[in-house]
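Following: one structure in structure tokens, then a few remarks.
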Amino acid sequence: MARIPPGLIINPAPGVRYKVPAVKKLTKELILKDKVKFQKNRLGAATCLTEMSLMMACWKENDFKDSACAKEITAFHKCTEEATKERRGVKEADLKGVVQEGRLTSRNINKLLQRFPHPVKPH
């Protein structure tokens, strides 16, 4: 049986050969930095879509008269106020460092990295 030269692999299909990429050596140690880039929290699902669509459907049926759609408008405003309060609560918890939904924000990660920095190695 013929010897396969290093770096070449024979494919199961006869006669087909391809090169295996060389493994690069690391020039630096794999160490985390003491900071991560600030990222905004990704917004979750849009809130109050149902209320907004009901309000717009009512407007369309009643030729955009607010008086006829007062019930839908108040329901939409109530929903947006609740969503705003919830967003503020999440933001305040983030500022206090409370972890929510099992995910750390970049601010929380930076606080942890400041508390537990990497030891500096002398050269």
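The values are calculated or read from the model by the stated rules, or taken from the named source; none is laboratory data. Worth saying up front: this structure is predicted, and the values here are computed from it rather than measured. Every residue, glycine among them, receives a Cβ derived from its backbone with ideal geometry; neighbour counts consider all protein chains shown. The area values use the complete protein model at the heavy-atom level, side chains included, leaving out ligands, DNA and RNA. Shrake-Rupley method; radii C 1.70, N 1.55, O 1.52, S 1.80 Å.
With the requirement that a residue be touching a residue at least 12 places away in the same chain (Cβ under 8 Å) and either more than 30 Å from H118 (Cβ to Cβ) or open to solvent by 100 Å² or more (accessible area, probe 1.4 Å) (or both), what does region 23-32 give you?
To start, the set of residues in region 23-32 that are touching a residue at least 12 places away in the same chain (Cβ under 8 Å) comprises 31-32.
Residue satisfying the conditions is L32 alone.
Residues that are open to solvent by 50 Å² or more (accessible area, probe 1.4 Å) and touching a residue at least 24 places away in the same chain (Cβ under 8 Å) within region 40-64 comprise N41, T47, E51, M52, listed in sequence order. I'm trying to understand the selection: among the residues of region 65-85, which are closer than 30 Å to N110 by Cβ and surrounded by 11 or more Cβ atoms within 10 Å (Cβ to Cβ)? Once the filter is applied, which keeps residues that are closer than 30 Å to N110 by Cβ and surrounded by 11 or more Cβ atoms within 10 Å (Cβ to Cβ), region 65-85 yields A83, T84.
Restricting attention to region 100-115, the residues being part of a loop (DSSP other than H, G, I, E, B) and open to solvent by 80 Å² or more (accessible area, probe 1.4 Å) number 2. A single member of K78, K65, K85 is in a helix (DSSP H, G or I), over 24 Å from the mean Cα position of the chain (by Cα) and more than 30 Å from D34 (Cβ to Cβ), and it is K78. Selection of first residues in region 65-83 that are free of Cβ contacts under 8 Å to residues at least 60 places away in the same chain and of second residues that are acidic (D, E) and assigned to a helix (DSSP H, G or I), restricted to Cβ pairs under 6 Å at least 6 apart or on distinct chains, gives the following pairs, ordered by first then second residue: A75/E51; F76/E51; C79/E51.
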